[in-house]
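Report on the structure given below.
The values are calculated or read from the model by the stated rules, or taken from the named source; none is laboratory data. Note that the structure is predicted; figures quoted are calculated from it, not measured. Every residue, glycine as well, gets a Cβ built from its backbone with ideal geometry; the counts of neighbours run over all protein chains shown. Only protein heavy atoms, including side chains, enter the accessible area calculation; ligands, DNA and RNA are left aside. Shrake-Rupley method; radii C 1.70, N 1.55, O 1.52, S 1.80 Å.
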Amino acid sequence: MSKRPSGKSILANFSSFSEPDADAGEPPSSEGAKSPVQAQPLPRVGAGVIGATQRSLSELREERDRLQALVDAGGGAELDPKLIDPSPFPDRLPDDSDVEFEALKKLISEEGQKVPIQVRRHPTTEGRYQVIYGHRRWRAAIDLGISVKATVVALSDSELVVAQGIENAARQDLSWIERALFAWRMDEAGIKPRDIRAALSIDDPELARLRTVSRALPLDVIEAIGRAPKVGRPRWLALATAVSADSSALGRLRRTLSADKVLGLPSDERFRQALDAVKAPTQRSQSEIELRSPNGKAVGRAIFSGADVKLSVGGEHAAAFNAFIEAELPALMDRFFSQEERA
């Protein structure tokens, strides 16, 4: 079975499957002009394969239509927002600025909530609900101290993530890393790959790329970088590849992201700083420094080559120099790591 085109939703592809035209199988009339090239007959496909494919497509169409109807549903109850919990599958990272949220809150305060959020009854706690979509409207209602208009539907976890994904696809405002985190959380909860693909409107190769990044980069690192809305797949993959290839890269990355001067930057700039931090350092060619006594006499050499440093002092100063270095090294290492922490 051939793969779907990269980047197209499994849901978006439903419309491309239609019944064949009635005349499509009719051979050309013997009275018409002959084609200069004889068409080759297509290979026959077993009826069982066709039947299975049609059944699979039919099931997917039904699931898509049913969940879309739930997403489009309006009206419903007015609930106390304090009785509502967020979705068990978060798909958002904090925004760099609260300007848009404050504007939404002001609009709801002045004109009321026009569009209901969608919730389901909490699967384990009586009297509580979980948001399917509409998290910002729910947060605004909490801040404003008002009830929230909500449509209450009955959805399983798999149905919830597909419905949540349909709503996000309509807005198309999840950043690439937010999609990767959404996929990771669904994986962790045991959601089937088919439902993950449907929720995110992606194909198998894109799901593999999302998994590559979310598995290579720890959650604390992703959250420290943030949404990075202008950073797409290629640069996130480059960051994940660099971290996977260098065991010391993750330490440099965390030190960079914890610096005060980086914490105050927008998330796109934090990503740039993170990527610079994990790039392999340029290997310098070997260099040597001749060590001399105060009177100018050569007593040894310091050789620097890549990650290696070699010191050698010979003659009458060798034993004393060795003892000096041994005594001074602990303090020297303390100074080094203190400087690293401030960088």
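Would you mind working out the accessible area per residue for segment 125-221, using a 1.4 Å probe, and quoting it in Å²?
Computed with neighbouring chains in place, this is 40 Å² per residue.
Rounded to the nearest Å, what's the spacing between the alpha carbon centres of segment 213-259 and segment 97-138? Just the number, please.
Comparing the Cα centres of segment 213-259 and segment 97-138, I get a distance of 31 Å.
For a Förster distance of 35 Å, can you work out the FRET efficiency between the beta-carbons of residue 208 and residue 263, rounded to the nearest 0.05?
It comes to 0.60.
Once you place label points 7 Å from the Cα toward the Cβ at residue 308 and residue 290, how far apart are they in nm?
2.3
Can you tell me which of 264-270, 158-164, 102-108 comes out highest on packing, and rank the rest after it, using the mean Cβ neighbours within 10 Å?
Top of the packing list down: 158-164, 264-270, 102-108.
Share of segment 176-273's accessible area from carbon and sulfur, percent, 1.4 Å?
51
Name the shape class, rounded, prolate or oblate, that the alpha-carbon gyration tensor gives for segment 172-259, where a ≥ b ≥ c are the square roots of its eigenvalues, rounded holds for a/c under 1.5, and otherwise prolate holds if a/b is larger than b/c and oblate otherwise.
The shape class here is prolate.
Relative contact order for segment 119-173: what is it in percent, counting Cα pairs under 8 Å that are at least 6 residues apart?
Contact order relative to length: 36 percent.
With a point put 7 Å past each Cα toward its Cβ, work out how far residue 299 is from residue 248 in nm, to one decimal.
Those two pseudo-labels are separated by 3.0 nm.
Which percent of the accessible area of segment 75-172 is formed by carbon and sulfur heavy atoms (probe 1.4 angstrom)?
Using a 1.4 Å probe with all protein chains present, segment 75-172 comes out at 51 percent carbon and sulfur.
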